């Protein structure tokens, strides 16, 4: 088995065409989505970048204030089988030292006066694939920070997004030649390459548009990197024999709920809903499926056992995650009724329980200057970006979610030798909602 994992740090799901975006150009991601499997409901268990990498390595939940004792390790298990593992890591945004341990080879990527990060990435991939050419099995992991500010985006990827678009009314109305010339002469939006982490004024329409437009340019730049990777695999005839996985450690808050960056541990959709795209090699693919979309709830914790299965290695009993290859092949298997999430920044800690129908956010503690916010409840999938809080209409359901969340967290803290995928305690059937 040959496997490539591409992790896009801070990838905002709402900026990708295969997840519903209509205004950002991502042809490489679109190609991958049509050739592979798109997991529509993939969520972080903890959007902290270091915790995500621990989860990728161990297949165990890493919630705040809880970590497994002596968890299994993906790289150690591959090393026992003498399978080479190579990490190409973008050093413009540092990662925890623990993430860098245990690899057969590490290559650092950083743009300089002699070349861009994109050029160094392609050179690193090409060189690594040359080194691995005679190996029957290998894992290549690209950890890229293109999407994290401060953004460094060439003008050619920014320009399409820096002209303020017309409103629907303006598009419908016939514009005079004079009006059209005035619009063309208008100053374009100025990119905002380094937005400060912190609170953001929701009424700042210009700032919001600058943020979104600059990030859009970064997404197109990242997509170009993926396009080069796909072309390199095509050239080496690896497309049909290589497992390719694209995902992210976390999303990114860009002003949607009044914050930019990891300022408060608010577990909203833009931060915790992650892309997961998987193109199977012919040896694993189901020929009866094409352009498959998986609606099942999946989490970061599932990547490690999925990779083990691809390499023919049995899932250790202590692993919490599930092998996703069955879902990718439209085969029956266990599915979650919900996912649980936790995140801590400073003294503030928040928890979430998500189902296909709703999400409850519960902040256990807050900062001294910013006390914990009230429990919030949003109806899914109608309220995709969580703007209409309706807890008062679902008080009984909120209580149920709280009880199940507490039971799940207790289970993950003490039952590390669970013999089957840890799906958690059952979710009670819906009760009659109360209005107040």
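The values are calculated or read from the model by the stated rules, or taken from the named source; none is laboratory data. Computed from a predicted model, the values in this text were never measured in an experiment. Every residue, glycine among them, receives a Cβ derived from its backbone with ideal geometry; neighbour counts consider all protein chains shown.
Observations
- Any pair with Cβ under 6 angstrom, 6 or more apart, that starts in region 359-372 at a residue that is at positive phi and touching a residue at least 60 places away in the same chain (Cβ under 8 Å) and ends at one that is surrounded by 12 or more Cβ atoms within 10 Å (Cβ to Cβ) and in a strand (DSSP E or B): none
- Residue match in region 266-275 (condition: in contact with a helix residue (DSSP H, G or I) (Cβ under 9 Å, 6 or more places away or on another chain) and more than 30 Å from residue 374 (Cβ to Cβ)): yes
- In region 276-299, residue modelled with the lowest pLDDT [restricted to those that are in a loop (DSSP other than H, G, I, E, B) and touching a helix residue (DSSP H, G or I) at 6+ places or on another chain (Cβ under 7 Å)]: 291
- Qualifying residue in region 105-113 (condition: in contact with a helix residue (DSSP H, G or I) (Cβ under 7 Å, 6 or more places away or on another chain) and exposed (fewer than 14 other Cβ atoms within 10 Å of the Cβ)): yes
- Count of region 351-373 residues which are assigned to a strand (DSSP E or B) and either loosely packed, with under 14 Cβ neighbours inside 10 Å or at pLDDT below 95 (or both): 6
- Number of residues in region 25-37 that are crowded, with 23+ Cβ neighbours inside 10 Å and over 17 Å from residue 323 (Cβ atoms): the value is 3.
- Count of region 329-341 residues which are more than 18 Å from the chain's Cα centre (by Cα) and outside any loop (DSSP other than H, G, I, E, B): 0
- Count - residues of region 125-154 that are outside any loop (DSSP other than H, G, I, E, B) and buried (at least 19 other Cβ atoms within 10 Å of the Cβ): 10
- Residue in region 54-61 that is outside any helix (DSSP H, G or I), free of Cβ contacts under 8 Å to residues at least 24 places away in the same chain and buried (at least 17 other Cβ atoms within 10 Å of the Cβ) present: no
- Within region 2-19, restricting attention to residues that are touching a helix residue (DSSP H, G or I) at 6+ places or on another chain (Cβ under 7 Å) and assigned to a loop (DSSP other than H, G, I, E, B), the residue that is nearest to residue 386 (Cα to Cα) is 12.
- Restricting attention to region 68-99, the residues that are over 17 Å from residue 303 (Cα atoms), loosely packed, with under 15 Cβ neighbours inside 10 Å and either at pLDDT 90 or above or in contact with a helix residue (DSSP H, G or I) (Cβ under 9 Å, 6 or more places away or on another chain) (or both) add up to 6.
- Residue selected from region 196-213 under the condition over 24 Å from the mean Cα position of the chain (by Cα), without any contact (Cβ under 8 Å) to a residue 40 or more places away in the chain and assigned to a helix (DSSP H, G or I), by the criterion farthest from residue 255 (Cα to Cα): 206
- Region 69-94, residues that are under 13 Å from residue 142 (Cα atoms) and in a loop (DSSP other than H, G, I, E, B): 91
- Region 284-315, residues that are surrounded by fewer than 18 Cβ atoms within 10 Å (Cβ to Cβ), more than 19 Å from residue 36 (Cα to Cα) and touching a residue at least 12 places away in the same chain (Cβ under 8 Å): 312, 313
- Selection from region 300-326 of residues that are out of contact with any helix residue (DSSP H, G or I) (no Cβ under 8 Å at 6 or more places or on another chain) and modelled with pLDDT of 95 or more: 302, 305, 312
Per-residue answers, yes or no, for (1) modelled with pLDDT of 80 or more; (2) under 28 Å from the mean Cα position of the chain (by Cα); (3) in a helix (DSSP H, G or I); (4) surrounded by 11 or more Cβ atoms within 10 Å (Cβ to Cβ):
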{"position": "118", "(1), (2), (3), (4)": "yes, yes, yes, yes"}
{"position": "123", "(1), (2), (3), (4)": "yes, yes, yes, yes"}
{"position": "156", "(1), (2), (3), (4)": "yes, yes, yes, yes"}
{"position": "170", "(1), (2), (3), (4)": "no, no, yes, yes"}
{"position": "178", "(1), (2), (3), (4)": "no, no, yes, no"}
{"position": "183", "(1), (2), (3), (4)": "no, no, yes, yes"}
{"position": "191", "(1), (2), (3), (4)": "yes, yes, no, yes"}
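- Every residue from region 20-53 that is free of Cβ contacts under 8 Å to residues at least 40 places away in the same chain, in contact with a helix residue (DSSP H, G or I) (Cβ under 8 Å, 6 or more places away or on another chain) and either part of a helix (DSSP H, G or I) or under 22 Å from residue 139 (Cβ atoms) (or both): 30
- Any chance residue 108 is free of Cβ contacts under 8 Å to residues at least 40 places away in the same chain and at positive phi: no
- Residue list for region 374-414, restricted to those being assigned to a helix (DSSP H, G or I) and in contact with a helix residue (DSSP H, G or I) (Cβ under 8 Å, 6 or more places away or on another chain): 391, 398
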